[in-house]
Ligand code: BGC
């Protein structure tokens, strides 16, 4: 197989499960050495099993605990990884969560928690990654000095009642991503987002766990299937590789057509 990310070091945040784990596997199979970040001690076993699976398939990965919403922890993670491997080439800015509530019942804690991980966490990790990309410059492993893929959501454009904190965080990710892509493109740093639709992971289990829920969900997906984490992981590999060298500041929707106004299929 063509190893497009050979010799590159990739940090994937929130990689102990779901889309992050899928990205970690695909990047490792594309030749990157992958740091499988996890947030709390309780997620260590899951992160280790992602690492073991990658190793069993001939890839290279290590786990690393860091809460991306904490400035010192993020700085420590980057300094440890750069100390160990010499640099970081790719950041998959993935860690994210939902704390859903009707708007008038949403607590400040729920609001702040989601924004602190989904948006501030991406800011903190992107800032450390970009500092390292600028320090190192283009190193012969890639045409870019570094690549960042921000995990957004279809909810960077689709309003989502009952999820104001989450939708606001993803709308924020969109313009943070575009702004820093504009700022650092002259330095040969590429920054893009992936906007997944409904991908089968623990975060949306209740949306597809029964036939009735699944049928409701499929009404929102023109392609009539729920996405798999590999669908997102393969997009992350492409955005991290030189195959997408002229792609910068864009959001790639990996959503089976969820953003195509499926309500208009037979109406309007
Ligand atoms: C959310 C999922 C949801 C999907 C489509 C994602 O960003 O995290 O819970 O199923 O968007 O609505």
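Tabulated results
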item: Residue-span extension gain [residue 187 to residue 158] - 0.36 nm each, minus C-alpha spacing; result: 7.2 nm
item: Proxy reagent accessibility, fewest Cβ within 10 Å first, across 66, 23; result: 66, 23
item: Using a Förster distance of 45 Å, the FRET efficiency for residue 70-residue 246 (Cβ separation, nearest 0.05); result: 0.80
item: Degrees separating the helix 229-240 axis from the principal Cα axis of the chain, which is the longest one; result: 40 degrees
item: Nearest-ten-degree value, helix 44-56 long axis tilted from longest Cα axis of the chain; result: 70 degrees
item: Between helix 121-136 and the chain: long-axis angle, C-alpha atoms, 0 to 90°, nearest 10; result: 30 degrees
item: Tail weight of P(r) past 25 Å, computed on alpha-carbon pairs of the range 9-264, percent; result: 40 percent
item: Stretch gain in nm, segment residue 203-residue 230, where the contour uses 0.36 nm per residue and the Cα spacing is subtracted; result: 8.1 nm
item: Residues 105, 73 arranged by fewest to most Cβ contacts within 10 Å; result: 105, 73
item: Computed lengthening from residue 79 to residue 141, 0.36 nm per intervening residue step minus Cα-Cα distance; result: 20.3 nm
item: Principal axis box of the range 1-142, alpha-carbon based, largest edge first, Å; result: 52, 34, 24
item: Pairwise centroid distance, computed over Cα atoms, of the range 101-166 with the range 169-193, Å; result: 10 Å
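Every read-out reported here was derived from the displayed coordinates using simple, explicitly stated rules and does not represent laboratory data. Just so you know, these numbers come straight off a predicted model, no measurement behind them. Please note: Cβ atoms are built from the backbone with ideal geometry, for glycine as well, and neighbour counts cover all protein chains shown.
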